[in-house]
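Written out below as structure tokens is the structure these notes cover.
The values are calculated or read from the model by the stated rules, or taken from the named source; none is laboratory data. Just so we're clear, the structure is a prediction, and the values are computed from it rather than from any experiment. Reconstructed Cβ throughout: ideal geometry from the backbone, glycine too, with neighbour counts over all protein chains shown.
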Amino acid sequence: MGRSRGAGGAGRGSEDFESDKVAGGGLLDRRLFLGGALGGATAGGAVLSGTTAAEAEALAVPSWMKTPGSTFLGYGQPAKQEAKVVRTFAGQPNSPGTGAARTPHHLLAGTITPNGLHFERSHNGIPDIDPDAHRLLVHGMVRRPLVFTLEALARYPMESQTAFIECGGNSGLLHGEKPAQGNFQALHGLVSCAEWTGVRVKTLLAEAGVDPKASWVYAEGADAAGMSRSVPLSKMMDDAMIALYQNGERVRPSNGYPMRLLLPGFEGNMQVKWLRRLKVTDAPVMARDETSKYTLLLESGKSQQFFFPIEAKSLITHPSPGLTMRGKGLYQISGLAWSGNGLISKVEVSADGGKSWALAQLLGPILPRSLTRFRMPWSWDGGPAMLMSRATDQTGYVQPTRAKLLAERGARAQYHFNGIACWAVSDKGEVSHVYA
Ligand SMILES: Nc1nc2c(c(=O)[nH]1)N[C@H]1C(S)=C(S)[C@@H](COP(=O)(O)O)O[C@H]1N2
Ligand SMILES: [Mo]
């Protein structure tokens with residue numbers, strides 16, 4: 001194998017990787033990046049043939065080493081040079097807070113989304129909630145209705161769990177007849193991942209005493225949309241959480257401050273933000289967002305209602321549109337995979353439009369219902385290529401091709417698009433969205 005080569009990593013051309021090839025289009029063995037075999041390889045799609053030791057000059061002393069640095073900040077900010085790493089959004093003319101702001105995954109690495117970049121989907125803006133005046137009511141089919149202040153809630157045992165949230169409408173443009181032109185953020189930016197900390201819903205329900213005949217819980221938000229959904233009691237008694245913290249700090253206003261419902265792996269819409277009420281019932285309430293919206297319109301004209309877990313999905317973040325390739329050579333293909341049904345067990349990558357596939361490397365920690373990072377070494381020959389990724393989760397479910405998904409559901413389903421997506425790389429190194 002290539003890994004046993006004695007030569008140093010830096011400066012080799014693509015032709016050197018012949019023995020590492022594992023699939024068409026120049027995909028290389030995923031183990032190539034292990035064990036320091038490629039000391040010179042850099043992340044983010046940079047070519048390996050960078051500066052070699054022989055070319056390096058003595059470092060000059062830059063201006064910023066000649067004067068004291070700036071002072072402290074109460075709340076840290078990203079480097080000013082990174083000002084382009086922002087969410088993109090389009091509000092609606094008469095209601096600027098209605099719509100979505102999308103995560104720039106093509107400019108991020110790792111698996112945890114910084115709080116300021118977590119996507120946001122809001123149906124009528126971000127309410128300005130006074131945390132001391134906010135109440136959470138637990139009532140309905142319970143022995144003892146309960147009302148919690150934020151302070152009372154924070155006295156219950158807290159837990160943390162990492163979970164992605166994905167809007168049911170993410171990637172929805174891929175239902176379209178022609179491949180929509182946009183970058184990763186525009187097409188797929190409605191998914192993010194955080195470590196959430198809070199109180200399990202089952203702890204509160206146990207205290208309230210659930211009627212054995214109950215089977216659903218209605219959750220309502222304190223925003224002007226009063227957005228609400230019905231959630232199966234089984235999920236509420238499992239890993240559902242009232243999240244108070246997001247990546248260690250209080251949940252951001254845009255994501256539900258001072259408390260949101262977290263339903264790991266379930267459709268984003270059900271994870272009610274600014275949570276103010278849980279009503280235990282024996283049937284779904286047929287709220288607006290589970291009837292007129294968030295149902296999948298099938299070819300037959302019938303709609304599929306209550307599509308809970310997000311099925312396995314993966315997407316390549318690097319390269320992707322807007323990230324230009326700088327000439328042939330060794331690249332790192334990198335992307336994200338997730339499943340609402342548990343762990344990602346493998347991701348395969350194709351560079352020839354799905355003709356051949358090879359296993360990507362999964363980077364730990366691999367957590368259930370969380371974004372999982374994969375990467376794959378790729379020797380680009382400078383010609384046209386078609387990059388795709390395909391995830392399999394612990395249940396054995398394999399991410400379907402777009403054609404299979406549409407054959408099963410039709411093209412009007414609008415929500416839960418998890419088909420395989422494809423980026424075309426041109427011989428100029430430009431990346432664009434295509435259908436394979
Ligand atoms: N109260 C309330 N909860 C809500 C919404 C809302 O508009 N109001 N939007 C829902 C939708 S459609 C999604 S996809 C997720 C998005 O969560 P995020 O904004 O924290 O990313 O919140 C859900 N919870
Ligand atoms: Mo959503």
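For segment 64-147, which strands (runs of 3 or more DSSP E) that fit wholly inside it have 1 or more residues that are more than 16 Å from ligand 2 (Cβ to nearest atom) and free of Cβ contacts under 8 Å to residues at least 40 places away in the same chain?
Output list reads 95-102.
So Trp338 passes all but one of these: (1) out of contact with any Ser or Thr (no Cβ under 8 Å at 6 or more places or on another chain); (2) within 28 Å of His175 (Cα to Cα); (3) of a type outside the set (Val, Ile, Thr). Which condition number does it fail?
(1)
Please list, ordered by residue number, the strands (runs of 3 or more DSSP E) wholly in segment 249-351 having 1 or more residues that are modelled with pLDDT of 95 or more and within 24 Å of Ile129 (Cβ to Cβ).
Correct list: 260-262, 275-281.
So which of Met270, Met259, Met227, Met237 is touching a Lys or Arg at 6+ places or on another chain (Cβ under 6 Å) and surrounded by 20 or more Cβ atoms within 10 Å (Cβ to Cβ)?
Met270
Residues of segment 129-168 being charged (D, E, K, R) and closer than 30 Å to Gly342 by Cβ, which ones?
Glu159, Glu166
From the list Met141, Met158, pick out the single residue that is over 25 Å from Ala214 (Cα atoms) and either surrounded by 13 or more Cβ atoms within 10 Å (Cβ to Cβ) or small (Gly, Ala, Ser) (or both).
Going through Met141, Met158 in turn, the sole match is Met158.
Looking only at segment 208-248, how many residues end up being part of a strand (DSSP E or B) and either within 16 Å of ligand 2 (Cβ to nearest atom) or not polar (S, T, N, Q) (or both)?
Summing the residues that are part of a strand (DSSP E or B) and either within 16 Å of ligand 2 (Cβ to nearest atom) or not polar (S, T, N, Q) (or both) in segment 208-248 gives 17.
Taking the residues in segment 335-351 that are hydrophobic (A, V, I, L, M, F, W, C) and buried (at least 23 other Cβ atoms within 10 Å of the Cβ) as candidates, determine which candidate is farthest from the chain's Cα centre (by Cα).
Restricting to residues being hydrophobic (A, V, I, L, M, F, W, C) and buried (at least 23 other Cβ atoms within 10 Å of the Cβ), the top hit is Ala351.
Yes or no, residue by residue, for (1) within 16 Å of ligand 1 (Cβ to nearest atom); (2) on the phi > 0 side of the Ramachandran plot:
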{"residue": "Leu108", "(1), (2)": "yes, no"}
{"residue": "Pro114", "(1), (2)": "yes, no"}
{"residue": "Phe119", "(1), (2)": "yes, no"}
{"residue": "Gly125", "(1), (2)": "yes, yes"}
{"residue": "Ile129", "(1), (2)": "yes, no"}
{"residue": "Gly140", "(1), (2)": "no, yes"}
{"residue": "Leu146", "(1), (2)": "no, no"}
{"residue": "Pro157", "(1), (2)": "no, no"}
{"residue": "Ile165", "(1), (2)": "yes, no"}
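Report yes if some residue within segment 177-185 is charged (D, E, K, R) and away from ligand 2 (no atom under 16 Å from the Cβ); otherwise report no.
yes
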